[in-house]
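Enquirer: Please read through the structure below; I'll follow up with questions.
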Amino acid sequence: ILLIFSSYLCDFKKHKQYARLLYFILFILFYVVSALRYHIGGDTLMYISFHKYYPDFFDFTWAKDVNWFNTNVRANYQPGWILYAMLVRSLNPDFMFMQIVSAFIVNCGIFYAIRKYSPYPFTTLLIYFLTFTFIMFEFEVLREAVGVGFFLLIAFDGWMQKKWVRYYIGAFIAYMFHSSAILMFALPFIRYINWKNRTYLLFFILPALILGFAGRIFLGDIISNLLDAQSSMQFYNNRAIDSAYNTNYIFTTLYQPFMLLAFMILWRKYVNPTLVPIVFATITIQIFALFDFDCARLANYIMIPTYIAITSILFKLAKRAKTIWVVVLFMLVYYVPNAYVVWSGGEKSWSRYIPYQTAIYPNQTEAQKRYWK
């Protein structure tokens, strides 16, 4: 409600005298919800279980510690994350402190990028809140989310201002937290592309579709045979022969990128030209996730810039309709596949998030207690 009110008051009605206060209040709310959550998010359990194994940061045997952790815990984490976790745990061994520090980095990156580069920051925040990206960054992918935070704080500035040393410093830091940032090293090569939509379709979208469907049909079996039996990629690729699963997977994978693609084809003129290559890169990566769902994570670092880009489109449409509810309606429609995946997974799936629990007064439901066991 506060987001809708802020978007209407400050973006639509342009009452800028309230903007700083409302933006700060929203930052605090987002930060507190993320930092003080109690057993919310499936990945949280894994990070809690590993937390006690991080060595002391202040023994200054960092290379040895990183090797020991990955060898003995078998987590295969990036060294940047391990050193970060060692430092945070050495300052305070309680995992709640890890959440508090990490949530601050993540939300600083998100709010900084949106405030600086979105012409309608409250509307962009509303879009972010109404997507599954909010759940991912605030409750789930802790390592990756911290990497995203640093990417938005450092690298995204470099992209917008063509400061490539700054960009690669930010990309490198993100990569040192999570290997999914590897694609960000190649992103600057499309910075100066100024293609028409049909050229993007020919060289980005069509190849992604072909490779994605090929992965579902036969490449998945080939790669599965090369992977370890415990590989999550093998598990999902083996299920490609299941027609019911395959139909649902294709629907949930292609639904959102094709909505974004339709918006870009119809209303690209409203988008900041600097962000157009990022939006098409996001669409391409999401379509390629037909091959394997984890591929979609490669776009996490540019999801906030993508939301900044489409904000201009939704804002223009909302102004034309003279109501902020256009944005809300679009995002609810956009959210359909995420809602389907969560709820179709049953109690074990949705109990990870609903109802929200705070560390100040945890009151888990029976379903949540069963999940955490």
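The values are calculated or read from the model by the stated rules, or taken from the named source; none is laboratory data. Keep in mind that what you see is a predicted model, and the values were worked out from it rather than measured. All Cβ positions, glycine included, derive from the backbone under ideal geometry; neighbour counts span all protein chains shown.
Enquirer: Determine, yes or no, whether I193 is among the β-branched types (V, I, T) and assigned to a helix (DSSP H, G or I).
Expert: no
Enquirer: Same structure again: Could you tell me how many of the residues in region 37-86 are among the acidic types (D, E) and surrounded by 15 or more Cβ atoms within 10 Å (Cβ to Cβ)?
Expert: 2
Enquirer: Restricting to region 307-323, what's the tally of residues that are surrounded by fewer than 23 Cβ atoms within 10 Å (Cβ to Cβ) and either among the hydroxyl-bearing types (S, T, Y) or outside any helix (DSSP H, G or I) (or both)?
Expert: 3
Enquirer: On to the next question. So for region 12-20 (the condition being over 30 Å from T124 (Cα atoms), surrounded by fewer than 18 Cβ atoms within 10 Å (Cβ to Cβ) and charged (D, E, K, R)), does at least one residue qualify?
Expert: No.
Enquirer: Identify the residue in region 240-262 that is out of contact with any helix residue (DSSP H, G or I) (no Cβ under 6 Å at 6 or more places or on another chain) and of a type in the set (V, I, T) and, among all such residues, is modelled with the highest pLDDT.
Expert: Restricting to residues being out of contact with any helix residue (DSSP H, G or I) (no Cβ under 6 Å at 6 or more places or on another chain) and of a type in the set (V, I, T), the top hit is T253.
A quick yes/no check of all residues on (1) at pLDDT 95 or above; (2) hydroxyl-bearing (S, T, Y); (3) touching a Ser or Thr at 6+ places or on another chain (Cβ under 6 Å):
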{"position": "L45", "(1), (2), (3)": "no, no, no"}
{"position": "K52", "(1), (2), (3)": "no, no, no"}
{"position": "Y77", "(1), (2), (3)": "no, yes, no"}
{"position": "V88", "(1), (2), (3)": "no, no, no"}
{"position": "F104", "(1), (2), (3)": "yes, no, no"}
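Enquirer: Would you confirm, using the coordinates I've provided, whether L22 is more than 22 Å from V141 (Cα to Cα) and touching a residue at least 60 places away in the same chain (Cβ under 8 Å)?
Expert: Against the criterion (more than 22 Å from V141 (Cα to Cα) and touching a residue at least 60 places away in the same chain (Cβ under 8 Å)), L22 qualifies.
Enquirer: Turning to a different aspect of this structure: How about region 322-368: which of its residues are at pLDDT 70 or above, farther than 26 Å from F5 by Cβ and basic (K, R)?
Expert: The one that is at pLDDT 70 or above, farther than 26 Å from F5 by Cβ and basic (K, R): R352.
Enquirer: Looking only at region 172-206, how many residues end up being under 18 Å from I105 (Cβ atoms) and in contact (Cβ under 8 Å) with a residue 40 or more places away in the chain?
Expert: Going through region 172-206 one residue at a time, the tally reaches 9.
Enquirer: Among what's in region 117-148 and is within 18 Å of P79 (Cβ to Cβ) and of a type outside the set (A, V, I, L, M, F, W, C), pick the residue that is surrounded by the most Cβ atoms within 10 Å (Cβ to Cβ).
Expert: It comes out as G147.
Enquirer: Which condition number in (1) among the hydrophobic types (A, V, I, L, M, F, W, C); (2) over 21 Å from Y84 (Cα atoms); (3) in a helix (DSSP H, G or I) is the one that L45 fails?
Expert: Failed condition: (2).
Enquirer: Here's something else I'd like to know. Which ones in region 88-134 are under 19 Å from the mean Cα position of the chain (by Cα), farther than 18 Å from N272 by Cβ and in a loop (DSSP other than H, G, I, E, B)?
Expert: Hits for region 88-134 are L130, T131.
Enquirer: Using beta carbons and a limit of 7 Å, which pairs, at least six apart or on different chains, have the first residue in region 56-75 and under 17 Å from L87 (Cβ atoms) and the second one exposed (fewer than 15 other Cβ atoms within 10 Å of the Cβ) and small (G, A, S)?
Expert: D56/S90; F57/S90; F58/S90
Enquirer: Just give me the residues in region 276-324 being hydroxyl-bearing (S, T, Y) and free of Cβ contacts under 8 Å to residues at least 60 places away in the same chain, in sequence order.
Expert: Once the filter is applied, which keeps residues that are hydroxyl-bearing (S, T, Y) and free of Cβ contacts under 8 Å to residues at least 60 places away in the same chain, region 276-324 yields T282, T306, T323.
Enquirer: So R89 ticks every box in (1) surrounded by fewer than 19 Cβ atoms within 10 Å (Cβ to Cβ); (2) under 13 Å from Y54 (Cβ atoms); (3) of a type in the set (D, E, K, R) but one. Which box is left unticked?
Expert: In the conditions (1) surrounded by fewer than 19 Cβ atoms within 10 Å (Cβ to Cβ); (2) under 13 Å from Y54 (Cβ atoms); (3) of a type in the set (D, E, K, R), R89 misses (1) alone.
Enquirer: Can I ask one more? List the pairs whose first member sits in region 154-170 and is farther than 19 Å from I304 by Cβ and in contact (Cβ under 8 Å) with a residue 12 or more places away in the chain, whose second member is surrounded by fewer than 24 Cβ atoms within 10 Å (Cβ to Cβ) and of a type outside the set (D, E, K, R), and whose Cβ atoms are under 7 Å apart, counting only residues at least 6 apart or on separate chains?
Expert: Every condition considered, the pairs that remain are W164/G158; W164/P188.
Enquirer: Might you check whether a residue that is closer than 24 Å to I82 by Cα and among the polar types (S, T, N, Q) occurs anywhere in region 177-197?
Expert: Yes, because at least one residue in region 177-197 is closer than 24 Å to I82 by Cα and among the polar types (S, T, N, Q).
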